[in-house]
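To start, the structure under review is shown below, and the notes come after it.
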Amino acid sequence: METAIVLVAGSGMLAGALVAVLGKKTLTAVIAAGVVSLLASVLYLLLSAPDVAMTEAAIGSGLTTIIFLFVLHRIRSMGLLQEENESLDQERVDGT
Amino acid sequence: MNVLSIAGALLVGFGAIFLFIGAIGLLRMPDCYTRIQAGTKASTLGTILSLGGIGLLHPSWLGKALLILLFVLLTNPVSSHVLARAAHLAGILPRGDTEVDELAAETEAKHHSINGGGST
Amino acid sequence: MVDVAVTCALVLILGALVLAGVRFVAGPTAVDRVIALDVLTVISLPLMGIIAHLSGRSIYLDVALIYGLLSFIGVLAVARYLDGGLS
Amino acid sequence: MRAKAILLQFILMMGVWLLLSGRVTFENLAAGAIVALVITMMTTSRTSMLGEIRLTPRALGAHLLFFLVFLRELIRSNLDVARRVLSPSLPIHPGIVKVKTRLRSPLGRFVLANAITLTPGTFTVDIMGDSLFIHWLDMAPEDAEAAARHIVSRFEKYLEVAYG
């Protein structure tokens, strides 16, 4: 029974990591990092390490997502990095 | 094998069925608003039933399970609403054969006359 | 009977995880991906509950509680970013 | 108003503490009371919304009735979504409709929006002032306004008593 959970969670982590690396947009990569840390936290539970799972939840899902998004927002609003800026704006409008 | 654990097992099973239906809906629906509908609703009831069942299986965990359950019940509608609003503001339109879209007309009007003090 | 029901529930929940993961990989827009992330989180809360039941330790439910809380904040942050302001 | 908000928040925090710790001893209650008091004092300026809840017996009854109606609608909505998702032809006609609400208090509007989100085939996309924008999964093409009005008033009559 535990093997099934490990298989599903592990392949899900792999898929999330591939989306994060291969995806074109930055926002997609940030969300994919959230998925990876979610499934990693389930795997930590199976390894009977609830404290590590809690830390992973706090850092991976909460802190890194918010910090990444904050930095993306700062880059966009500072107006530096003109091309990056335009592509980020486009990204917001496309939503992709 | 008492009544509580049988009820708990049944609740866990039904909740899992609803979660599965929600995931199917997430996969089948055509645009992101209908996906929010299917995903949020079915998964809310599924989570409530499953965690309630876990609470009944272990009566000493009931308080904690109840806390998670209430939390999901409160936050899931909020996150679905926030996502739909963000999608609409980011300019993602509903599917082509959507009958009416009065929100789009309203935001258009607000763009022209900058006095709408609406907020959420 | 309890074991049978819990095993069935576990299989269904894992199937739901796979389906939501497919939507996550496929999802054309970022909003679709965030919805998939939200549903994945909500699905994994009962999964953590079932793992707690199988191993008989109630601290695993605390992990589920913390995960629900923080993932909600993460979804709010992504939505604010899509709105265009994250202040 | 303010005292009521503080009292309600204190009770809420105590409830969360008791559910989390799960045992009722004197030490536990004392520690919980201290923590709840500190948190209430720290955050009281931001949570004055809670003072809008009415606590008359009639309002409490309205809360209870609202909760029961809400539970029934939640189960109905899930069966409805399940039926639509599982039928091979996917019978949906989505649309976004605007409805005005009579509720005045922001907390009441918030609860109304969340209740609508969990009822059959509808969810709230946006709130602007007193108008709610509701996304319908399966819209009645001719009489959308009246149908939406019906959905809102089903909850409104309880929430109006409970929140004003």
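The values are calculated or read from the model by the stated rules, or taken from the named source; none is laboratory data. No experiment lies behind these values; they were computed from the predicted model shown. Note that each Cβ is placed from the backbone with ideal geometry, even for glycine, and that neighbours are counted across all protein chains shown. Protein only, heavy atoms only, side chains kept; ligands, DNA and RNA dropped before computing areas. Shrake-Rupley method; radii C 1.70, N 1.55, O 1.52, S 1.80 Å.
Restricting attention to region A:1-17, the residues that are at the interface with chain C (Cβ under 9 Å from one of its Cβ atoms) and not hydroxyl-bearing (Ser, Thr, Tyr) total 10. Taking the criterion of being farther than 29 Å from A:SER77 by Cα, within 8 Å of chain B (Cβ to nearest Cβ) and touching a residue at least 40 places away in the same chain (Cβ under 8 Å), would at least one residue in region C:35-55 satisfy it? Yes: one or more hits.
Screening region D:108-130 for residues that are modelled with pLDDT under 80 and more than 8 Å from chain B (Cβ to nearest Cβ) and picking the one that is surrounded by the fewest Cβ atoms within 10 Å (Cβ to Cβ) gives D:ASP130. If I filter region C:58-65 for residues that are within 7 Å of chain B (Cβ to nearest Cβ), open to solvent by less than 10 Å² (accessible area, probe 1.4 Å) and not hydroxyl-bearing (Ser, Thr, Tyr), do I get at least one hit? Looking for residues that are within 7 Å of chain B (Cβ to nearest Cβ), open to solvent by less than 10 Å² (accessible area, probe 1.4 Å) and not hydroxyl-bearing (Ser, Thr, Tyr), one finds at least one in region C:58-65, hence yes.
Of all the listed residues (A:THR65, A:THR28), the sole one being open to solvent by less than 40 Å² (accessible area, probe 1.4 Å), in contact with a Lys or Arg (Cβ under 8 Å, 6 or more places away or on another chain) and polar (S, T, N, Q) is A:THR28. Restricting attention to region C:49-70, does a residue exist that is within 11 Å of the chain's Cα centre (by Cα) and under 15 Å from A:ILE31 (Cβ atoms)? No, every residue in region C:49-70 fails to be within 11 Å of the chain's Cα centre (by Cα) and under 15 Å from A:ILE31 (Cβ atoms). Go through C:PHE72, C:PHE24 for me and flag whichever is surrounded by 24 or more Cβ atoms within 10 Å (Cβ to Cβ) and closer than 22 Å to B:PRO77 by Cα. After ruling out the rest, the residue left standing is C:PHE24. Of all residues in region D:13-34, none satisfies the criterion of being within 11 Å of chain B (Cβ to nearest Cβ) and farther than 21 Å from B:PRO59 by Cα. Among the residues of region D:66-106 satisfying the criterion of being in contact (Cβ under 8 Å) with a residue 12 or more places away in the chain and among the charged types (D, E, K, R), which is surrounded by the most Cβ atoms within 10 Å (Cβ to Cβ)? Here the answer is D:ARG84.
Tell me, yes or no, whether region B:47-54 has at least one residue that is more than 7 Å from chain C (Cβ to nearest Cβ), more than 21 Å from C:GLY68 (Cβ to Cβ) and in contact (Cβ under 8 Å) with a residue 24 or more places away in the chain. For region B:47-54, residues more than 7 Å from chain C (Cβ to nearest Cβ), more than 21 Å from C:GLY68 (Cβ to Cβ) and in contact (Cβ under 8 Å) with a residue 24 or more places away in the chain: absent.
Which one of these is at pLDDT below 90, surrounded by 14 or more Cβ atoms within 10 Å (Cβ to Cβ) and hydrophobic (A, V, I, L, M, F, W, C): A:LEU81, A:LEU88?
Of A:LEU81, A:LEU88, the one residue that is at pLDDT below 90, surrounded by 14 or more Cβ atoms within 10 Å (Cβ to Cβ) and hydrophobic (A, V, I, L, M, F, W, C) is A:LEU88.
Among the residues of this structure, C:ALA9 counts as one that is within 23 Å of B:GLY55 (Cα to Cα) and at pLDDT 90 or above. Taken residue by residue, region D:54-65 has no member that is hydroxyl-bearing (Ser, Thr, Tyr) and open to solvent by less than 60 Å² (accessible area, probe 1.4 Å).
Look at (1) more than 30 Å from C:ASP3 (Cβ to Cβ); (2) open to solvent by 10 Å² or more (accessible area, probe 1.4 Å); (3) facing another protein chain (nearest Cβ under 7 Å); (4) not aromatic (Phe, Trp, Tyr) and you find that C:ARG80 fails only one, number (3).
Whether a residue is more than 9 Å from every other protein chain (Cβ to nearest Cβ) and in a strand (DSSP E or B) was assessed, and D:ILE96 does not pass this test. Looking at C:VAL11, C:VAL18, C:VAL25, C:VAL4, just one residue is part of a helix (DSSP H, G or I), under 19 Å from A:VAL8 (Cα atoms) and more than 7 Å from every other protein chain (Cβ to nearest Cβ), and that residue is C:VAL11. Of all the residues in region D:52-86, those that are at the interface with chain B (Cβ under 10 Å from one of its Cβ atoms) and of a type in the set (Ser, Thr, Tyr) number 1.
Pairs are defined by a Cβ separation below 8 Å, a sequence spacing of at least 6 or placement on different chains, a first member in region D:138-162 that is closer than 20 Å to D:ILE92 by Cα and open to solvent by less than 30 Å² (accessible area, probe 1.4 Å), and a second member that is in a helix (DSSP H, G or I) and modelled with pLDDT of 75 or more; the pairs so defined are D:ILE151/D:ILE116. Might you let me know whether region B:28-37 holds any residue that is open to solvent by 30 Å² or more (accessible area, probe 1.4 Å) and in contact (Cβ under 8 Å) with a residue 24 or more places away in the chain? Yes, because at least one residue in region B:28-37 is open to solvent by 30 Å² or more (accessible area, probe 1.4 Å) and in contact (Cβ under 8 Å) with a residue 24 or more places away in the chain.
Criterion first (without any contact (Cβ under 8 Å) to a residue 60 or more places away in the chain and not acidic (Asp, Glu)) does D:ARG58 satisfy it?
Spelling it out, it is not the case that D:ARG58 is without any contact (Cβ under 8 Å) to a residue 60 or more places away in the chain and not acidic (Asp, Glu).
Per the listing B:GLY53, B:GLY91, the residue uniquely small (Gly, Ala, Ser) and modelled with pLDDT under 80 is B:GLY91.
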